[in-house]
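Each remark here refers to the structure printed beneath this line.
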Amino acid sequence: MQDRRMARTRDRDRADRARLLSIVERLADGVVIQNERGTILFANPAAEELFGRPLHQLTGVELGMPAILGDTSEIEVVRPGGAVVTAELRVVETEFDGEMARLVSIRDITDRRRAAERAVQLERERLARAEAEATSHAKSDFLATMSHELRTPLNAILGYAELLDLGVSGPMTQDQKQQVTRIRSSGRHLLGLVNEVLDLAKVEAGRLSVQNQASRADQVIDAAVALVQPMAEARGLALGSECLDGALFDGDEERVRQILVNLLNNAVKFTPPAGRVTLTCGLERAPAREARLTGAGPWVCMTVSDTGIGIPADRLAAIFDPFVQVEGGHTRRSDGTGLGLTISRRLARLMGGDLTVSSEMNKGSTFTLWLREASVAQQEDARWRTESPDAAARLHGLSDAGAALLHDLGALVDAFVSRMRDESVAPGVESLRASQIADHMACYVADVAVLLSAIEESRGHPSSFVADAGDIQHYIAERHGAQRSRLGWSAAALHKEWQILRDEIERVLQRASKGLPRNALPEALLIVDRLLEQARDRSVRALERASA
Ligand code: ADP
């Protein structure tokens with residue numbers, strides 16, 4: 001009787017133990033039990049994975065790290081092969097096989113650490129950029145004021161010279177007439193220079209705004225050609241143009257004409273008589289490698305080519321720098337200012353496009369202006385358009401939302417990882433390491449957070465920082481899609497993943513919303529949704545490409 005009762009108790013104990021073990025075995029955190037001498041008696045699969053060693057290599061040896069009761073400490077685990085994992089240790093007392101023992105739970109916090117480090121790094125970069133931008137603004141402000149101060153007296157000089165020339169103050173001798181002509185031509189040159197400096201200063205100070213709207217390429221081209229035609233004829237050059245029917249670009253007609261006139265003027269200036277200058281316009285899907293463009297295109301590209309003197313290969317990059325003129329050309333240095341191309345490229349970039357060049361000595365040069373095609377651009381444009389008077393108010397608080405996201409990044413990533421596992425988003429997700437689940441997403445969210453601040457700071461205008469952040473996010477999304485494809489995920493799983501990320505971002509923003517200015521939450525969510533949508537589509541495309 002007693003024997004049977006004891007046997008039943010034994011059975012129950014055994015069942016309890018088996019149940020307990022099966023729970024411990026499924027824990028996401030590593031669990032190690034060691035005796036009082038420090039020898040490992042038991043380790044669960046998560047611990048095996050964390051240490052990168054199979055069970056039989058773990059049991060019977062010493063843990064090899066301080067396990068102080070009640071303490072939480074951080075350790076670095078070096079796996080066989082050299083990979084380093086950061087883990088958090090917690091130690092409690094327990095009983096194991098009738099002996100006093102220590103239960104050490106170990107959590108892999110590598111991702112959290114990495115995300116936090118990246119956030120700090122991004123913040124540091126942002127501050128450095130902000131500082132550099134502030135310096136450049138101060139410089140540009142100075143230039144703008146100076147240019148204005150210079151223009152007023154210059155106009156007076158030109159005006160009086162004209163009066164003299166007209167003989168208003170009495171007749172002049174031939175010599176005097178010649179001298180006044182020189183005063184006028186030098187004055188005009190100086191005025192041109194000052195005007196261009198003013199333009200450049202305005203571009204740099206972010207004061208020169210460009211309109212982004214659907215514009216007809218053929219009209220702009222005709223207008224530019226008409227302006228330069230007389231000069232081309234005078235130099236005995238053939239000037240022709242050709243434009244793809246119905247090409248629409250996204251940009252500012254006035255500015256595009258300014259760029260084209262500048263390119264055509266240069267082409268005419270640097271092409272010997274009997275040469276040819278051609279302006280063509282077409283649509284390109286893949287832009288030239290050297291063009292700094294973001295977005296998928298297609299691109300409206302306007303090309304000005306000539307049969308002129310060409311530009312030496314080692315000067316090609318420099319001609320876009322301010323005041324650079326290539327020595328030894330046909331023209332005197334004083335014919336130009338060396339600012340035209342600098343301004344043209346900046347204007348092109350301000351519109352979301354770029355200006356590139358290729359050239360061969362004594363054969364000719366080709367300048368290409370890349371502009372976004374209107375249909376794609378209009379969507380982009382509607383997104384970023386902030387010309388309405390309340391734009392600044394709407395964007396106010398975005399940097400706080402960004403800061404909240406950065407602050408809670410670790411918790412966000414943890415919640416994301418658990419939901420991915422709990423909801424079995426894709427087959428086998430439960431057995432992935434946290435880092436395999438969250439690596440890209442942590443970086444992505446950190447970038448979005450920083451971008452929110454950047455958008456507020458740039459008042460929604462396109463800035464190089466905003467463009468760079470976009471590039472980084474696209475890159476992350478592409479890599480993410482390719483990695484998911486290697487894991488055998490479907491597009492549907494990927495969609496679900498982005499949805500979970502979106503929910504978790506919203507949760508953090510909602511939590512922070514009490515401390516945010518009014519409107520900051522809906523505006524931030526609007527932007528986050530747009531960004532996530534783009535990233536999701538990009539990663540799905542990358543997944544499909546990689547799986548094909
Ligand atoms: P500018 O023409 O006023 O000097 P730009 O910035 O427009 O200033 O051009 C800078 C320099 O680039 C020119 O001085 C010239 O040396 C070179 N360049 C520009 N366009 C051409 C061209 N089509 N062919 C040869 N050289 C060119």
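Overview of values
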item	result
Top-ranked residue of segment 120-152 - restricted to ones that are among the aliphatic types (A, V, I, L, M) and closer than 24 Å to Ser453 by Cα, ranked as modelled with the lowest pLDDT	Ala138
Residue count for segment 203-234, restricted to those that are outside any strand (DSSP E or B) and in contact (Cβ under 8 Å) with a residue 24 or more places away in the chain	22
From Glu49, Glu95, residue being within 24 Å of Gly428 (Cβ to Cβ) and acidic (Asp, Glu)	Glu49
Only listed residue being without any contact (Cβ under 8 Å) to a residue 40 or more places away in the chain and buried (at least 16 other Cβ atoms within 10 Å of the Cβ), chosen from Val168, Val261, Val197	Val261
Qualifying residue in segment 282-296 (condition: buried (at least 16 other Cβ atoms within 10 Å of the Cβ), in contact with a Lys or Arg (Cβ under 9 Å, 6 or more places away or on another chain) and on the phi > 0 side of the Ramachandran plot)	yes
Residues being modelled with pLDDT of 75 or more, of a type outside the set (A, V, I, L, M) and not in a helix (DSSP H, G or I) - total across segment 454-497	3
Residue identified as among the β-branched types (Val, Ile, Thr) and out of contact with any Leu (no Cβ under 9 Å at 6 or more places or on another chain) among Ile527, Ile476, Ile505	Ile476
Checklist (1) modelled with pLDDT of 90 or more; (2) out of contact with any Leu (no Cβ under 9 Å at 6 or more places or on another chain); (3) among the polar types (S, T, N, Q) applied to Thr280, failing item	(2)
Residue check, Gly310 modelled with pLDDT of 80 or more, over 33 Å from the mean Cα position of the chain (by Cα) and crowded, with 16+ Cβ neighbours inside 10 Å	yes
From Val32, Val77, Val24, Val85, residue being surrounded by 15 or more Cβ atoms within 10 Å (Cβ to Cβ), in a helix (DSSP H, G or I) and in contact (Cβ under 8 Å) with a residue 12 or more places away in the chain	Val24
Selection from segment 353-370 of residues that are more than 8 Å from the ligand (Cβ to nearest atom) and either more than 29 Å from the chain's Cα centre (by Cα) or at pLDDT below 90 (or both)	Glu360, Met361, Asn362, Lys363
Close pairs from segment 339-365: first in contact (Cβ under 8 Å) with a residue 24 or more places away in the chain and β-branched (Val, Ile, Thr), partner more than 13 Å from the ligand (Cβ to nearest atom) and assigned to a helix (DSSP H, G or I), Cβ under 9 Å, at least 6 apart	Thr342/Val203; Ile343/Val203
Exclusive hit being closer than 14 Å to Gln483 by Cβ and either buried (at least 22 other Cβ atoms within 10 Å of the Cβ) or touching a residue at least 60 places away in the same chain (Cβ under 8 Å) (or both), set Ser435, Ser453, Ser458	Ser435
Arg216 being surrounded by 15 or more Cβ atoms within 10 Å (Cβ to Cβ), in contact with a Pro (Cβ under 8 Å, 6 or more places away or on another chain) and modelled with pLDDT under 95	no
Sole exception among (1) farther than 20 Å from Leu227 by Cα; (2) more than 8 Å from the ligand (Cβ to nearest atom); (3) small (Gly, Ala, Ser); (4) touching a Leu at 6+ places or on another chain (Cβ under 8 Å) for Gly275, by number	(1)
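To keep it simple, each residue is scored yes or no on (1) in a helix (DSSP H, G or I); (2) free of Cβ contacts under 8 Å to residues at least 40 places away in the same chain; (3) away from the ligand (no atom under 16 Å from the Cβ).
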site	(1), (2), (3)
Val268	yes, no, no
Thr271	no, no, no
Pro287	no, no, yes
Met302	no, no, no
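The values are calculated or read from the model by the stated rules, or taken from the named source; none is laboratory data. Bear in mind that the values here come from a model prediction, so they are computed numbers and not experimental data. Using ideal geometry, Cβ is built from the backbone for each residue, glycine included, and neighbour counts are taken over all protein chains shown.
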